[in-house]
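Visitor: Dropping the structure in here first, questions after.
The values are calculated or read from the model by the stated rules, or taken from the named source; none is laboratory data. Small disclaimer: the values here were computed from a predicted structure and weren't measured. All Cβ positions, glycine included, derive from the backbone under ideal geometry; neighbour counts span all protein chains shown.
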Amino acid sequence: MKSIKFGLLGALLATMVQVANAGEVNAAVAANFTEPVKQIAELFQKETGHTVKLSFGSSGKFTSQIKEGAPFDVFLAADEKNPKLLEKEGLAVEGSRFVYALGKLVLWSAQPGLVDGKGYVLRKGNYNKIAYADPKLAPYGLAAKETLEDQGLWTVVQGKLVTGESITQTYQFAATGNAELAFIALSQITKDGKVTEGSWWVVPAHMYNPIKQAAVQLTAAKDKEATKAFLTYLKSEKAVAIIRNFGYELP
């Protein structure tokens with residue numbers, strides 16, 4: 001009986017210590033990584049006691065906000081370019097940057113059967129609008145532009161393009177029917193390792209430059225220990241399993 005009481009007391013003390021040492025991480029996260037990071041943050045919070053405040057948007061906009069003094073501790077971008085830029089400007093901790101996922105671009109429609117497995121629908125032209133994220137702000141939008149250029153269709157589709165501020169808005173254009181087609185991240189339509197809605201074409205990787213999604217600690221981070229712990233957790237087996245489950249590849 002005493003051993004049980006001591007065991008409970010030990011667990012209680014451990015919990016109290018964890019709460020006392022708990023910190024907060026304010027994370028700026030690329031929109032394509034919304035669902036994976038929610039799951040990762042939930043596990044991280046349960047295991048460490050640290051809390052994670054998540055903000056989602058385009059990598060380009062976050063970079064501008066960080067330059068203007070936005071109070072983020074960590075940046076999970078959809079590319080390597082923006083984190084590298086912040087490093088050069090002294091706004092990110094040198095040596096903390098790493099690629100946490102390799103993104104995949106898909107052409108997607110909410111309509112079953114509209115998109116074929118080879119992407120021939122782009123050439124057929126039997127659609128009125130095709131959405132993509134602003135290539136100046138979103139790496140997936142740049143990848144979409146590169147794909148259309150690779151296929152010799154960039155000038156052809158100009159009159160049909162609808163531009164989203166982020167990959168989330170781009171998805172919404174197609175999900176609501178305001179655009180028949182959209183170039184989005186595979187992660188946005190993947191659940192439990194499978195795509196279960198609409199029709200899609202996974203764009204071959206050779207049609208666009210690799211989408212190397214990099215994370216970095218920001219120099220303005222208030223709780224550096226909690227921030228480092230979160231970045232370390234992003235590399236853990238549990239986090240990696242979640243990342244793969246949403247259709248990403250690992251570097």
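Visitor: Can you pull out every residue in segment 80-111 that is in contact with a Leu (Cβ under 8 Å, 6 or more places away or on another chain) and among the charged types (D, E, K, R)?
Guide: Lys104
Visitor: Read through the list (1) under 22 Å from Gly141 (Cβ atoms); (2) in contact with a helix residue (DSSP H, G or I) (Cβ under 9 Å, 6 or more places away or on another chain), then give the number of the only condition that Ala205 fails.
Guide: All conditions are met except number (2).
Visitor: Suppose we keep only residues that are aromatic (Phe, Trp, Tyr) and buried (at least 16 other Cβ atoms within 10 Å of the Cβ) within segment 123-154. Which one would you say is farthest from the chain's Cα centre (by Cα)? Please lay out each step first, then the result.
Guide: In the first step, residues of segment 123-154 are kept if they are aromatic (Phe, Trp, Tyr); the result is 127, 132, 140, 154.
So of that shortlist, the ones also buried (at least 16 other Cβ atoms within 10 Å of the Cβ) come out as 127, 132, 140.
Numbers: Tyr127: 28, Tyr132: 16, Tyr140: 10 Å.
Filtering first and then ranking leaves Tyr127.
Visitor: Among what's in segment 32-84 and is more than 20 Å from Tyr248 (Cα to Cα) and among the basic types (Lys, Arg), pick the residue that is surrounded by the fewest Cβ atoms within 10 Å (Cβ to Cβ).
Guide: Checking each candidate, the answer is Lys46.
Visitor: For residues in segment 42-61 being of a type in the set (Gly, Ala, Ser) and free of Cβ contacts under 8 Å to residues at least 60 places away in the same chain, which is nearest to Ala229 (Cα to Cα)? Show your work before the answer.
Guide: Our first condition is that a residue be of a type in the set (Gly, Ala, Ser); within segment 42-61, this holds for 49, 55, 57-60.
Within this subset, residues satisfying the condition of being free of Cβ contacts under 8 Å to residues at least 60 places away in the same chain are 49, 55.
Numbers: Gly49: 11, Ser55: 18 Å.
Taking the candidates together, the pick is Gly49.
Visitor: Next question. In segment 32-51, is there at least one residue being in contact with a Ser or Thr (Cβ under 6 Å, 6 or more places away or on another chain), modelled with pLDDT of 95 or more and closer than 26 Å to Gly164 by Cβ?
Guide: Checked against the condition, which is being in contact with a Ser or Thr (Cβ under 6 Å, 6 or more places away or on another chain), modelled with pLDDT of 95 or more and closer than 26 Å to Gly164 by Cβ, segment 32-51 yields at least one hit.
Visitor: So for segment 172-184 (the condition being hydroxyl-bearing (Ser, Thr, Tyr) and under 19 Å from Leu102 (Cα atoms)), does at least one residue qualify?
Guide: Kept after step one, since they are hydroxyl-bearing (Ser, Thr, Tyr), are these residues of segment 172-184: 176.
Filter once more, so that each one left must be under 19 Å from Leu102 (Cα atoms): none.
No; the residues of segment 172-184 include none that is hydroxyl-bearing (Ser, Thr, Tyr) and under 19 Å from Leu102 (Cα atoms).
Visitor: Sort out which residues of segment 232-251 are part of a helix (DSSP H, G or I) and in contact with a Phe, Trp or Tyr (Cβ under 8 Å, 6 or more places away or on another chain), and write them in order of number.
Guide: Let us first name the residues in segment 232-251 that are part of a helix (DSSP H, G or I), namely 232-233, 237-245.
Of everything in segment 232-251, those that are part of a helix (DSSP H, G or I) and in contact with a Phe, Trp or Tyr (Cβ under 8 Å, 6 or more places away or on another chain) turn out to be Tyr233, Ala239, Ile243.
Visitor: Considering every residue within segment 172-187, establish whether at least one is hydroxyl-bearing (Ser, Thr, Tyr), at pLDDT 95 or above and surrounded by fewer than 17 Cβ atoms within 10 Å (Cβ to Cβ).
Guide: Within segment 172-187 (the criterion being hydroxyl-bearing (Ser, Thr, Tyr), at pLDDT 95 or above and surrounded by fewer than 17 Cβ atoms within 10 Å (Cβ to Cβ)), the answer is yes, since at least one residue qualifies.
Visitor: Could you tell me whether any residue of segment 202-222 is more than 17 Å from the chain's Cα centre (by Cα), exposed (fewer than 15 other Cβ atoms within 10 Å of the Cβ), assigned to a loop (DSSP other than H, G, I, E, B) and without any contact (Cβ under 8 Å) to a residue 60 or more places away in the chain?
Guide: Yes, some residue in segment 202-222 is more than 17 Å from the chain's Cα centre (by Cα), exposed (fewer than 15 other Cβ atoms within 10 Å of the Cβ), assigned to a loop (DSSP other than H, G, I, E, B) and without any contact (Cβ under 8 Å) to a residue 60 or more places away in the chain.
Visitor: Continuing with the same structure: Kindly indicate the residue of segment 137-158 that is acidic (Asp, Glu) and touching a residue at least 12 places away in the same chain (Cβ under 8 Å) and also farthest from Phe62 (Cα to Cα) among those meeting that condition. Steps first, please.
Guide: Taking segment 137-158 and keeping what is acidic (Asp, Glu), we get 146, 149-150.
When the remaining residues are screened for being touching a residue at least 12 places away in the same chain (Cβ under 8 Å), the result is 146, 150.
On the way: Glu146: 23, Asp150: 29 Å.
Restricting to residues being acidic (Asp, Glu) and touching a residue at least 12 places away in the same chain (Cβ under 8 Å), the top hit is Asp150.
Visitor: Among strands (runs of 3 or more DSSP E) lying entirely in segment 62-122, which contain 2 or more residues that are more than 21 Å from Leu231 (Cα to Cα)? Don't jump to the end; show me each part of the working.
Guide: Working: elements: 74-76, 98-103, 105-109.
Per the criteria, 105-109.
Visitor: Would you please name the residue that is nearest to the chain's Cα centre (by Cα), looking only at residues in segment 227-243 that are farther than 17 Å from Phe98 by Cα and in contact (Cβ under 8 Å) with a residue 40 or more places away in the chain?
Guide: From segment 227-243, those farther than 17 Å from Phe98 by Cα are 238, 241-242; that's our starting set.
Those left that are additionally in contact (Cβ under 8 Å) with a residue 40 or more places away in the chain: 238, 242.
Details: Lys238: 17, Ile242: 12 Å.
Selected residue: Ile242.
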